[in-house]
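The values are calculated or read from the model by the stated rules, or taken from the named source; none is laboratory data. Values in this document were obtained by computation on a predicted structure and should not be read as measured data. As a convention, Cβ positions derive from the backbone with ideal geometry for all residues, glycine included, and neighbour counts pool all protein chains shown. All accessible areas refer to the heavy atoms of the entire protein, side chains included, with ligands and DNA or RNA removed. Shrake-Rupley method; radii C 1.70, N 1.55, O 1.52, S 1.80 Å.
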Amino acid sequence: VLELLRGVQRGSEDRKRSLSRLRWALRNKETQQKFVRLDGSIRTLIGLFTSSLADMQMEAARCLHELSHSSDPAVADACLPVTSYLLTYLSGHSVEFTKLCLYTLGNLVVESEAVRKQLLPQGIIPVLASCIQSPHEAVLEGLGYVLSQLLQAKEAPTEIIPLVLDSVLPQHMLRLVCSGLKAGIGAAVEFAWCLHYIICSHTANVALLSLGALPALSSLLLDLASEIPQDASEGLELLVCPVLRCLSNLLAEETGCEVQIQDERLLIALFLILQSFLQQHPFIVQECLWLLNNLTADEPFFCSALFSLDLLPALLHLLPCSQMASVLVLTVLCNIAEKGPAYCQQLHQQPALPLLLPTLMLPDPEVVGQCLELLHLLFLHWPEAAADFVRQGGHRALELHQSTPELQERAQALLDMVGQPLGASTFSPPHAMLSAF
């Protein structure tokens, strides 16, 4: 390492070769640590990085990029002097050089709070804002990467997100996410996660809603569903996931925003996505169900639409997918049942009870507990369901849980209701918006 550094410092004819060999050596963790401890190492790289020789400048940028991959905060801190130059070079040079600078910055801000604290006063947010109108997909993707790393920092809600909101970044991020299928999915994915991190801070949602984030993301979800081919395009799930999360968290805000998207097509899109990704990407299932829960939690429009579009059988079909899917399906059904007798009657007619009985036999207390909540609402609003439940032997399933500490009280309450269908309730309201998955 020392010999390579000397070769670079001497300015000999083979300096570029030494620099290239150094770049490969810096892929090793121990080499990175040894290099930054050598006197003048970073200063030498900065000298070449800021030189007028384009090939040397690019090779030095690659060396700095390799150093930025280190998970050792000491290495990131050693790179502090280069941050101002990295920002300066974002406004020009080649696309490849700009991309290198962006990813180097993104890697450094992950590992070092000192780097983040130095970059904010240096004006990283305004500089990034000036880059967001770049016509180059590679630059936009790198920009999204830097922003996503900054927005995940522990100090983001108080120190970074306010600066982002005061810039032009939010509206351009929303634009780039919503044009993702045309402008390039890589950048759209990065900016979708950026929006997700902003929304999860709960400090910016009013601002994003005022920009039309809810209808824009809803429209994007419709476009994504229409683009899914029969075999589910590889990589599309990477954009679907953060878009679903953004919508779910925006709906969880107590702003009455859900009335803006009373569109049945949103349900059709959700179930198309569910069907397409169920086998290869099952994690998308719980994301879709989480959004469906937030759509149905307070708004009867989407509860009614599930029946009018005949989507309930498809929803019930997801019950055995996974533990999380079971809980979320049952929670959505609770949201429907909570709306009153007419909805409970339709649930009874579907019929939901035969599918709930096997669920009651599961060993998972969380799933069974949510099932008990649903049965309570059904029996309370539609006593015929209680009588049918007894005829199908459901009371015997309830008796199994009388010895389970966390379930016995609710199981006994349901047994009492089965004997007296309109008995007093001992259950708490089951439905609730779910935020910050």
(request) Determine if the range 294-301 includes at least one residue that is open to solvent by 10 Å² or more (accessible area, probe 1.4 Å), of a type outside the set (Asp, Glu) and under 26 Å from GLY235 (Cα atoms). (result) no
(message) Could you check the range 173-188 and list, in sequence order, the residues that are within 19 Å of the chain's Cα centre (by Cα), part of a helix (DSSP H, G or I), more than 20 Å from THR104 (Cβ to Cβ) and touching a residue at least 12 places away in the same chain (Cβ under 8 Å)?
(response) MET173, LEU174, LEU176, VAL177, CYS178, GLY180, LEU181, ILE185, ALA188
(request) Say whether the condition of being part of a loop (DSSP other than H, G, I, E, B), surrounded by fewer than 17 Cβ atoms within 10 Å (Cβ to Cβ) and under 16 Å from the mean Cα position of the chain (by Cα) is met by at least one residue in the range 272-281. (result) no
(request) Only residues that are open to solvent by 20 Å² or more (accessible area, probe 1.4 Å) and over 16 Å from TYR145 (Cβ atoms): list them for the range 184-211, please. (result) CYS200, SER201, HIS202, THR203, VAL206, ALA207, LEU209, SER210, LEU211
(message) Suppose we filter VAL332, VAL390 for residues that are in a helix (DSSP H, G or I) and either basic (Lys, Arg) or open to solvent by less than 10 Å² (accessible area, probe 1.4 Å) (or both); which single one remains?
(response) VAL332
(message) What's the number of the only condition in (1) more than 35 Å from the chain's Cα centre (by Cα); (2) buried (at least 20 other Cβ atoms within 10 Å of the Cβ) that GLU3 fails to meet?
(response) (2)
(request) Under 8 Å between Cβ atoms, at least 6 apart or on separate chains: pull out the pairs that start in the range 350-374 with a residue that is touching a residue at least 40 places away in the same chain (Cβ under 8 Å) and end on any residue that is of a type in the set (Phe, Trp, Tyr) and part of a helix (DSSP H, G or I). (result) LEU353/PHE389
(message) Whether any residue in the range 379-386 is aliphatic (A, V, I, L, M), surrounded by fewer than 23 Cβ atoms within 10 Å (Cβ to Cβ) and either within 28 Å of GLY235 (Cβ to Cβ) or touching a Ser or Thr at 6+ places or on another chain (Cβ under 6 Å) (or both) is what I want to check.
(response) no
(message) Taking the criterion of being within 23 Å of HIS172 (Cβ to Cβ), open to solvent by less than 30 Å² (accessible area, probe 1.4 Å) and either assigned to a helix (DSSP H, G or I) or out of contact with any strand residue (DSSP E or B) (no Cβ under 6 Å at 6 or more places or on another chain) (or both), would at least one residue in the range 71-86 satisfy it?
(response) yes
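Conditions (1) in contact with a helix residue (DSSP H, G or I) (Cβ under 7 Å, 6 or more places away or on another chain); (2) of a type in the set (A, V, I, L, M, F, W, C); (3) open to solvent by 40 Å² or more (accessible area, probe 1.4 Å); (4) assigned to a loop (DSSP other than H, G, I, E, B), marked per residue:
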residue	(1), (2), (3), (4)
ALA114	yes, yes, yes, no
PRO126	no, no, yes, no
VAL146	yes, yes, no, no
LEU150	yes, yes, no, no
PRO157	no, no, yes, no
PRO170	yes, no, no, no
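Do you know which residues across the range 6-24 are surrounded by fewer than 13 Cβ atoms within 10 Å (Cβ to Cβ) and under 17 Å from GLN57 (Cβ atoms)?
If the condition is that a residue be surrounded by fewer than 13 Cβ atoms within 10 Å (Cβ to Cβ) and under 17 Å from GLN57 (Cβ atoms), then GLY11 is the only one that fits.
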(request) Quickly run through the range 25-50 and pick out the residues that are open to solvent by 30 Å² or more (accessible area, probe 1.4 Å) and closer than 22 Å to SER94 by Cβ. (result) GLY47, THR50
(message) Return the residues of the range 335-352 that are of a type in the set (Gly, Ala, Ser) and not in a helix (DSSP H, G or I); say none if nothing qualifies.
(response) GLY340, ALA352
